[in-house]
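Participant: The following block contains the structure, expressed as structure tokens.
The values are calculated or read from the model by the stated rules, or taken from the named source; none is laboratory data. On a predicted model such as this, the values are computed, not experimentally measured, just so you know. So basically every Cβ, Gly included, is an ideal-geometry build from the backbone, and we count neighbours across all protein chains shown. Protein only, heavy atoms only, side chains kept; ligands, DNA and RNA dropped before computing areas. Shrake-Rupley method; radii C 1.70, N 1.55, O 1.52, S 1.80 Å.
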Amino acid sequence: MKTKSMSKIICLALATIVDVPVLLFARTGADDKSAATYKAKCASCHGADGKGDTPAGKSTKTRSFADPEVVKASDDDFAGIIEKGKGKMPGYSKSMKPDAIKDMVAYIRSLAK
Ligand code: HEC
């Protein structure tokens with residue numbers, strides 16, 4: 001009985017030690033992926049820093065992600081716009097999975113800071 005509960009504790013401790021780096025790694029991986037996708041698909045209009053300060057951004061009137069009006073929009077609004085597009089912006093539902101869009105929304109929020 002005693003040994004059993006001991007090994008249970010050791011198991012739990014091991015699981016915690018193993019899980020934390022895995023979770024951290026998964027998060028960083030998602031951010032790296034979003035950053036690469038952003039650079040490839042979005043930065044031409046939105047700019048590397050998200051301010052929309054590029055020739056294509058100016059001609060399509062792309063706003064900064066830090067614009068108060070844009071900051072007010074919800075994550076769902078953002079995800080919907082990335083999926084379906086809006087105005088001069090194309091939609092990305094064909095090339096981005098819902099999970100990738102969710103990670104991208106978080107990445108864009110980080111650019112707005
Ligand atoms: C051809 C230029 C262009 C590209 C490429 C582009 N966007 Fe946009 N994006 C726009 C424009 C223009 C708007 C504003 C649309 C409107 O309100 O009419 C916009 C709006 C947005 C919004 C809503 C915030 C706002 O300003 O209203 C998000 C979020 C967004 N884009 C994310 C992305 C992401 C993520 C990508 C890449 C996967 C991307 N965009 C690629 C031009 C672009």
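Participant: I'm trying to understand the selection: among the residues of region 35-82, which are among the aliphatic types (A, V, I, L, M) and over 25 Å from K94 (Cα atoms)?
Facilitator: Result: A66, V71.
Participant: Could you go through region 59-67 and let me know if any residue there is under 19 Å from A100 (Cβ atoms) and at pLDDT below 95.
Facilitator: No: zero hits.
Participant: Still on this model: Which ones in region 30-47 are small (G, A, S), under 19 Å from A100 (Cβ atoms) and free of Cβ contacts under 8 Å to residues at least 40 places away in the same chain?
Facilitator: A36, A40, A43, S44 - these are the residues of region 30-47 that are small (G, A, S), under 19 Å from A100 (Cβ atoms) and free of Cβ contacts under 8 Å to residues at least 40 places away in the same chain.
Participant: Continuing with this model, one more query. Given D32, D99, which one is modelled with pLDDT of 95 or more and under 19 Å from the mean Cα position of the chain (by Cα)?
Facilitator: Only one candidate qualifies: D99.
Participant: Taking helices (runs of 4 or more DSSP H) that do not extend beyond region 43-113, which have at least 2 residues that are open to solvent by less than 60 Å² (accessible area, probe 1.4 Å) and closer than 16 Å to K33 by Cα?
Facilitator: Counting at least 2 such residues, we get 98-111.
Participant: Please enumerate the residues belonging to region 45-58 that are small (G, A, S) and either under 14 Å from the mean Cα position of the chain (by Cα) or within 9 Å of the ligand (Cβ to nearest atom) (or both).
Facilitator: G50, G52, A56, G57
Participant: Is it the case that T37 is at pLDDT 75 or above and polar (S, T, N, Q)?
Facilitator: When the stated conditions are applied, T37 passes them.
Participant: Is it the case, given these coordinates, that D19 is open to solvent by 70 Å² or more (accessible area, probe 1.4 Å), within 10 Å of the ligand (Cβ to nearest atom) and either modelled with pLDDT under 95 or in contact with a helix residue (DSSP H, G or I) (Cβ under 8 Å, 6 or more places away or on another chain) (or both)?
Facilitator: Judged against the criteria, D19 is not a match.
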